[in-house]
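Colleague: Next up is a structure, given as structure tokens.
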Amino acid sequence: MLDNGTYVSPTAVATWFVNAADRSAGEVITHLKVQKLVYYADAWFLANFDRALINEHMQAWAHGPVSASVYQKYRGKGFEPLPPERAVALPDALLPFLKAIQNEYGQYTAKRLEQMTHEEAPWHMARGNLPPEARCTQPIDKLLMRNFYAARLGKEAIQQLRN
């Protein structure tokens, strides 16, 4: 799917999800929602391929996992719907995978996706005992993400990710 040592930028993945929203059907995608879709794309890529999709660690912010670069891109948008963007080239082999993530998680609201991430171990473990609204930029461990989501696929834990 991706050559070893090759990663995709989180902002490129975010752009793909922004453009994948079916606006003609009334679908809305916000900054909060796109953050969670990028997180789940990286998480399930880790689970399926034992390596990261994106070249950045997600951080365990109060409202769920956040990519700092995606935050910088959309920081002024608040909870407003994001408009379509100029497409960014991604490997063709990656598109069915992203479509599967969109089909599974795109159906949920941003707040539901936030709630889902809050119920899962990778975000919890990165935040430790912080109060729910406390500021946190702690990276979410990619090996922990891989093993948590891979377990849902019935896969064994591993000790090290592939490049």
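The values are calculated or read from the model by the stated rules, or taken from the named source; none is laboratory data. Quick caveat: nothing in here was measured; it's all calculated off a predicted structure. No Cβ is skipped: glycine too gets one built from the backbone with ideal geometry, and neighbour counts run over all protein chains shown. Note: accessible area is taken over every heavy atom of the protein model, side chains too, but ligands, DNA and RNA are not part of it. Shrake-Rupley method; radii C 1.70, N 1.55, O 1.52, S 1.80 Å.
Colleague: Looking for something open to solvent by 60 Å² or more (accessible area, probe 1.4 Å) and in a loop (DSSP other than H, G, I, E, B) - is there at least one such residue anywhere in region 35-49?
Modeller: No.
Colleague: Taking interchain pairs and intrachain pairs at least six residues apart, which have beta carbon atoms under 8 angstrom, with the first residue in region 74-96 and on the phi < 0 side of the Ramachandran plot and modelled with pLDDT under 90 and the second of a type outside the set (A, V, I, L, M, F, W, C) and surrounded by 12 or more Cβ atoms within 10 Å (Cβ to Cβ)?
Modeller: Within 8 Å, the pairs are PHE79/THR30; PHE79/HIS31.
Colleague: Hey, among the residues in region 109-135 that are outside any helix (DSSP H, G or I) and free of Cβ contacts under 8 Å to residues at least 40 places away in the same chain, which one's surrounded by the most Cβ atoms within 10 Å (Cβ to Cβ)?
Modeller: The selected residue is GLU120.
Colleague: Here is a follow-up. Looking only at region 10-34, which residues are modelled with pLDDT of 95 or more, polar (S, T, N, Q) and in a helix (DSSP H, G or I)?
Modeller: THR11, THR15, ASN19
Colleague: Kindly indicate the residue of region 54-65 that is in contact with a strand residue (DSSP E or B) (Cβ under 6 Å, 6 or more places away or on another chain) and in a loop (DSSP other than H, G, I, E, B) and also least open to solvent (accessible area, probe 1.4 Å) among those meeting that condition.
Modeller: Looking at residues that are in contact with a strand residue (DSSP E or B) (Cβ under 6 Å, 6 or more places away or on another chain) and in a loop (DSSP other than H, G, I, E, B), I get MET58.
Colleague: So if I check each of ALA150, ALA157, which one is over 14 Å from the mean Cα position of the chain (by Cα), open to solvent by less than 20 Å² (accessible area, probe 1.4 Å), of a type outside the set (Lys, Arg) and closer than 20 Å to ARG51 by Cβ?
Modeller: Among ALA150, ALA157, only ALA150 is over 14 Å from the mean Cα position of the chain (by Cα), open to solvent by less than 20 Å² (accessible area, probe 1.4 Å), of a type outside the set (Lys, Arg) and closer than 20 Å to ARG51 by Cβ.
Colleague: Sticking with this structure for a sec: With respect to ALA68, is the statement that it is surrounded by fewer than 24 Cβ atoms within 10 Å (Cβ to Cβ), hydrophobic (A, V, I, L, M, F, W, C) and either in contact (Cβ under 8 Å) with a residue 40 or more places away in the chain or closer than 21 Å to HIS118 by Cα (or both) true?
Modeller: Spelling it out, ALA68 is indeed surrounded by fewer than 24 Cβ atoms within 10 Å (Cβ to Cβ), hydrophobic (A, V, I, L, M, F, W, C) and either in contact (Cβ under 8 Å) with a residue 40 or more places away in the chain or closer than 21 Å to HIS118 by Cα (or both).
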